[in-house]
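The structure appears below as structure tokens.
Computed from the coordinates by the stated procedures, all read-outs in this text should not be read as laboratory data. From a predicted model like this one, the values you see are computed outputs, not experimental measurements. Backbone-built Cβ (ideal geometry, glycine too); neighbour counts: all protein chains shown.
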Amino acid sequence: MPQFDPSSFASQVFWLAVMFVALYWIVSKIAIPRIGEVLEQRARVIQDDLDRATQLKAETDAAIAAYEKAMADARGQAYEHMKVMQADMKAVADKKTAEVTEQMTKQISEAEARITAAKQAALDSIKGVAADTARNVVSKLAGLSPDAGSVDAAVSTALKEAR
Amino acid sequence: MATEHAGGHSPMAQFEIHPLINIKIGDVDISYTNSALFMTFAVALTALLFWGATRHRTMVPGRLQSTAEILYEFVAGMVKENTGTAGMKYFPFVFSIFLFILFGNFLGLMPYAFTFTSHIIVTAALAVFIFLGVTIIGFARHGLHFFSLFVPPGAPLGIAIVLAPLELFSYLIRPVSMSLRLFANMLAGHVLLKVLAGFIISLGVIFGIVPFAAVFAVTLLEIMVAAIQAYVFALLTCIYLNDAIHLH
């Protein structure tokens, strides 16, 4: 077996040492720093991106919170405003209603007074007409001319009875 | 150097070492051989991979950059997981070991290629270097307290006295198991491939299809083994480093 021929051992070990040292130099001085740099840079970029994303997300959340707060405030304000307006309107309406009711009551009582007066006047004029008619009827039928006082008394009695 | 030429078709012929450039320092023969050539290829391939991968360093990696990054993160993860942050300063060494063995194994699977990891002297040199390095790191960090590694934690004194020599033995045997595992895997795989490939020739076109299918399957298996053995070697390095750094 060539593996157990000691005459080649010195040469193999010598060149192994030379080549391994060369390889070690290449790996440690060129390969590892370069690859390490790329990997580090990539990790840094990814970390930066993640950081920025987190920051942007925080900003977005803040904006959303601010928007929601503004929205809630506006809604609350609008509600308050509406309540005040409603109260105002109700007060105005109540006042108007009270005024109108008062005016109507007054007008109704005035009208009632007028109606009573007119009715009284009508009744009074009926009395006159009835007395005249009665006198004329009496003078035409009986040829009598009764005095005005007795006719009036008779008509008044009759009217009271008819009522 | 290659004294036992057993003909080009012997399953062992692929492991023979031929000098390409004869170099001699004093009495020591350090000729540049086919083994050294394939070590050079492994180093060149690593250099080429990382040069190509990091030529245009982009945020979104291309194919080559992705490959380099996956290798880097795979080994970095392994070192971190097994040795903690304290072990990360040995990451370049573990990464080098991993790449050297990985490319050595892969290059060896090419037709007509030489597999330097199939030589016990290479795997043993690597394993002994790791063993010595780990032991030195252990003593440098913990002084004589490093010997507590051989006393199982929580064991009563009587049992500890029995177990300590066993622990010491298992510690000392580490470079042997480590180097033999890689060497034997590579040797067996390549011998098997060569023997099966020999059957294709001797059985001819019609019956040769059976060993051909076997060679195909074993080649796939060997690609897997090449990667797994590189991983195992690097992982064991991490585990030994962890013992030296954290004792238990």
*So what's Rg/Rh here for region B:77-157, counting alpha carbon atoms and using the Kirkwood radius for Rh?*
1.11
*Kirkwood-based Rg over Rh for region B:1-130 (C-alpha set), two decimals?*
1.05
*Which order results if A:Lys119, B:Lys80 are arranged by neighbouring Cβ count within 10 Å, fewest first?*
A:Lys119, B:Lys80
*How many nm separate the modelled label positions at B:Leu48 and A:Ile115, each set 7 Å beyond the Cα in the direction of the Cβ?*
12.6 nm
*asked:* If N is the number of residues in chain A, what value comes out of its Cα radius of gyration divided by 2.2 N^0.38 Å?
replied: 4.08
*Compute the long axis of helix B:91-108 from its Cα atoms, compare it with the longest principal axis of the Cα atoms of chain B, and write down the angle in degrees, 0 to 90, nearest 10.*
20 degrees
*Rank B:His190, B:His18, B:His145 by mean-square fluctuation in a GNM of chain B with C-alpha springs under 10 angstrom and give only the top-ranked residue.*
B:His145
*Please check which bits of region B:61-80 a label hung off A:Arg42 would reach, taking the label as a point 7 Å along Cα-to-C-beta and the cut-off as backbone N under 15 Å.*
B:61-77
*Note the angle between two axes, namely the Cα long axis of helix A:148-162 and the longest principal axis of the Cα atoms of chain A, as a number of degrees from 0 to 90, rounded to the nearest 10.*
40 degrees
_Prolate/oblate/rounded call for region A:88-163, Cα gyration tensor, a/c under 1.5 rounded_ = prolate
*Who wins for biggest fluctuation among B:Gly133, B:Gly77, B:Gly26 in a Gaussian network model of chain B, springs between alpha carbons below 10 Å?*
B:Gly26
*More than 30 Å apart - percent of Cα-Cα pairs taken over the protein assembly as shown*: 67 percent
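Compute the FRET efficiency between A:Glu59 and A:Met85 as 1/(1 + (r/R0)^6), taking r as their Cβ-Cβ distance and R0 = 41 Å, and round to the nearest 0.05.
About 0.60, to the nearest 0.05.
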*Listing B:Val128, B:Val215, B:Val162 from the residue with the fewest other Cβ atoms within 10 Å to the one with the most, what is the order?*
B:Val162, B:Val128, B:Val215
*Can you give me the pair-distance distribution of chain B, C-alpha pairs, 5 Å bins, whole percents?*
1, 6, 10, 13, 14, 14, 12, 10, 8, 5, 3, 1, 0, 0
*Go ahead and set up a Gaussian network model of chain A, Cα springs under 10 Å, then flag whichever of A:Thr105, A:Thr60, A:Thr133 fluctuates most.*
A:Thr133
*To the nearest 10 degrees, how steeply does helix B:120-142 sit against the main Cα axis of chain B, on a 0 to 90 scale?*
20 degrees
